[in-house]
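Peer 1: Please read through the structure below; I'll follow up with questions.
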Amino acid sequence: MELCECSQCSQYSLTNAAGQLRFGRYVSSRNQRKHQLEDLRKQSSSRFPPQDEYWIESNEERSASVDSITESPTSLIDFPGVSLDKCRTARDFVLKMITNARVLPNNQLGDIKIPKDTRTILKNSLNVQLETSICCPACYTLFFPPNLPPTCPYRETPRSKICGAQLWARKLMFVGGSHKGQFQPKKFRLRQGQHSPIERPICTFVHQKLSNWLPWFLSIPGIERAIDDWSGSEVRRASNRWLQTLTKSRRDEIVKQSGTRYSELNRLYYRDPVLHVALGVMHNWMEGILMHHFRERWGFQTLSYKEKRRRGSNQGPRAKRLRLDESEADTDSNKSSDTDDESDDDFELNHGASGGLLSQREMDYFRSALADVVLPTRVGCIPSELGKSHCGKLKASQWYVLFVYVIPLIVTEIFVEKNNMVVAQSNRWWIMENITSLIQCTHIINSQRIRPTHGERFRLSYLKYCESSLKIFENLKVNPNHHYALHVPEQLVLWGPLGGVAEWSSERCIGKLRSLQTNGRIGELEGSMMKRLCQIQRLEAKGGMKKILEDKSTEEQDKNHRGRPTKINDALYNRLLNHARALDPTVCDYRQLPHAEDANILRPNVLIRATLDVCEKTRVSVLPPNNCVVIKRNGIISYGLVNEILVYTHPGQGLRAVCEIIKISNLFCKVKRSPTTQFRFWLYTMKAVVGCVEQNVELVPAEAIANLAAYRRLPSGIFGLKNGIILTPVNRLGSLEINPVAT
């Protein structure tokens, strides 16, 4: 043991063998070295305080004031016991006080109160009274105390059987030799007079009484007048005002004031726009038609043992079905043999292991190509082993991503051998007609903007999908979802974009609740969640809470313009100079001396960024998956890969962001007369673009980037391209935006 005399151990005193008083305590040599290093770290941090980041802002005075005020919170990191989260909280509070100091008058600055603990906010008059009842896990019948039976006595009809589900579960007590690994639950034999075993309800239902909720709800200022305004007649009047308004900004103001916009359903005299709702198409199209097509018709599924035995007679490779009419079937054998020779290169139908369209080899190729698909982060991801049991089930949003952003990037490579020699009425032709029609219907049904022609286009595409399905799939099964989809054109005309009346938000909430880990504490988690939801509801109803939630800190607004500038090379500076002179011809080169006194000089120091927020929901980056972009300038659409992101100071205009883009040429635009017209039309229907990555680059302003794009690098030689790429824009439009070209 060694005597440690560090700053912490020196607080203790002891007497040595000679009777002298010493300050310190005996510790191991290892701990003594730790204490000494800790003292050295504290001394070095006190001598050399941390320096602030260099901020580049257009307003230098504002930057200096913020840096001087935030110097104290940033130096808190060096103090022992102060975590990084606490330093961030202190920084946010200081920035909030700066914002309030600019807005509020001087006599109101002393009234600002900042709570120190989250629980203080939750307990600020947010307590709620919840009621708990027993719920049957089978039929969901509720039982209130004191009538709590052991089993559910519910009957659907007087002559039906009793439900009989257990309502209570006995808590098992584990006894025995734990050191021997014998954790066997045993039932205790209770003597007379002892308490009964501990039981807990299997399922509970937590709710808030309306009598307790109404007083708080009616106490909100202005709520009674809002209730009177929210009626069917008022909604119709507000929707008519929205329809008669000619400007988009005025329509947005009406939506913010009343929360309603015009709908054709309001013309029905028997419909109450407040009480009646419109059902969405998430279950019908995403989890119905798309899932059935991919699993049943294409064969991406794992069959059970019974299902394999049931389909046993239909397994194995099937002969090619010839597209012959009855009159052609009676022709001579020579003509028939010639037809067989011509169809040797055609695609074989329904030869999958599960009776689907694709064989195991083709499904494996699809999965390998799926691994090469680059999806932006806002789109999500798809399991690479589709169709296998360990991948589980796809969500509705994943089915949408699969058919809109994944299949268009792979399907042409599988079913199109030569893009300039597409044989009409062949198996490959029918397959491409089938899948492209289905993808076009998916684009229309999820579009955010509906045109008058979209309803008729959906009807024709869905009719083509049904006709082509009869040609390529045998033992075709038509589900109720396929019949219900026939009414989609009418719904598009009446309701507009169907995504606005879908069940996305509620299904996501249900998915979040189901993903929570209960840890076996059934009956307690539901009450805690219900309590927190009610507290959040009351917290958001308080005055000023909406402003706090919508307020964005200075750091979030200026995060694209922070950092230390870097001097760029002459080649990049020349491109940046040409870009700046396109905006302002008076911009001067800093290398051409001398300069006038009031010259607009472009400095070579820029900020180099790895990511950039070009709009509210679009973030581009120099690396995948957010590096493929769609550029829209002066109505012209182009595509490219982000190579560099620069933030420079434009003379007289402040900070501007530009992206160095590697161009992607669109080699198969939609044209009417070309050897590849059919192939180009299929690409246009799927909103896919096949091109080549060029060697030249250009600087594009950040505001010209419209959207991101999902893409896939094509193998060398596909469609005759050496450095080919296929992409599809990430947007919710019914069709692909194209440039006007000569036919």
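Peer 1: E307 fails exactly one of the following numbered conditions: (1) among the charged types (D, E, K, R); (2) modelled with pLDDT under 80; (3) assigned to a loop (DSSP other than H, G, I, E, B). What is the number of that condition?
Peer 2: Only one criterion is unmet by E307, namely (3).
Peer 1: Would region 628-649 turn up any residue that is farther than 30 Å from E737 by Cα, at pLDDT 90 or above and loosely packed, with under 15 Cβ neighbours inside 10 Å?
Peer 2: Checked against the condition, which is being farther than 30 Å from E737 by Cα, at pLDDT 90 or above and loosely packed, with under 15 Cβ neighbours inside 10 Å, region 628-649 yields no hits at all.
Peer 1: Just one of (1) exposed (fewer than 12 other Cβ atoms within 10 Å of the Cβ); (2) over 31 Å from the mean Cα position of the chain (by Cα); (3) at pLDDT 80 or above trips up S249, so point out which.
Peer 2: Going through (1) exposed (fewer than 12 other Cβ atoms within 10 Å of the Cβ); (2) over 31 Å from the mean Cα position of the chain (by Cα); (3) at pLDDT 80 or above one by one, S249 breaks only (2).
Peer 1: In addition: Which of the residues that make up region 703-729 are of a type in the set (A, V, I, L, M), surrounded by fewer than 21 Cβ atoms within 10 Å (Cβ to Cβ) and closer than 30 Å to L583 by Cα?
Peer 2: Answer for region 703-729, where residues must be of a type in the set (A, V, I, L, M), surrounded by fewer than 21 Cβ atoms within 10 Å (Cβ to Cβ) and closer than 30 Å to L583 by Cα: A704, A706.
Peer 1: Between a residue in region 567-590 that is in contact (Cβ under 8 Å) with a residue 40 or more places away in the chain and any residue that is among the small types (G, A, S) and surrounded by 18 or more Cβ atoms within 10 Å (Cβ to Cβ), which pairs come within a Cβ distance under 9 Å, given they are 6 or more apart or on different chains?
Peer 2: V587/A580
Peer 1: How many of the residues in region 616-645 are over 15 Å from T377 (Cα atoms) and touching a strand residue (DSSP E or B) at 6+ places or on another chain (Cβ under 9 Å)?
Peer 2: Here the count works out to 13.
Peer 1: Are any residues in region 608-622 surrounded by fewer than 19 Cβ atoms within 10 Å (Cβ to Cβ), within 20 Å of T566 (Cα to Cα) and not small (G, A, S), and if so, which ones?
Peer 2: I608, T611, V622
Peer 1: Considering S461, S447, which residue is out of contact with any Phe, Trp or Tyr (no Cβ under 6 Å at 6 or more places or on another chain), among the small types (G, A, S) and farther than 30 Å from L349 by Cβ?
Peer 2: On the way: S461 fails: farther than 30 Å from L349 by Cβ.
The unique qualifying residue is S447.
Peer 1: Still on this model: Can you name the residue in region 455-493 that is surrounded by fewer than 18 Cβ atoms within 10 Å (Cβ to Cβ) and of a type in the set (S, T, N, Q) and, of all such residues, is farthest from the chain's Cα centre (by Cα)?
Peer 2: Looking at the filtered set, the residue picked out is N475.
Peer 1: Take region 615-673 and flag every residue that is touching a Leu at 6+ places or on another chain (Cβ under 8 Å), under 17 Å from L727 (Cα atoms), assigned to a strand (DSSP E or B) and of a type in the set (A, V, I, L, M).
Peer 2: Passing the criteria: V620, V629, V630, I661, I662, I664.
Peer 1: Going through region 580-606 one residue at a time, which ones are under 11 Å from G652 (Cβ atoms) and outside any loop (DSSP other than H, G, I, E, B)?
Peer 2: Within region 580-606, A580, L583, V587, N600, I601, L602 meet the criteria.
Peer 1: Taking the residues in region 444-454 that are of a type outside the set (S, T, N, Q) and touching a helix residue (DSSP H, G or I) at 6+ places or on another chain (Cβ under 7 Å) as candidates, determine which candidate is surrounded by the fewest Cβ atoms within 10 Å (Cβ to Cβ).
Peer 2: I450
Peer 1: For region 399-443, which positions are more than 23 Å from R361 (Cβ to Cβ), surrounded by fewer than 19 Cβ atoms within 10 Å (Cβ to Cβ) and modelled with pLDDT of 90 or more?
Peer 2: none
The values are calculated or read from the model by the stated rules, or taken from the named source; none is laboratory data. Everything quoted here is computed from the prediction, not taken from an experiment. Virtual Cβ from ideal backbone geometry, glycine too; neighbours counted across all protein chains shown.
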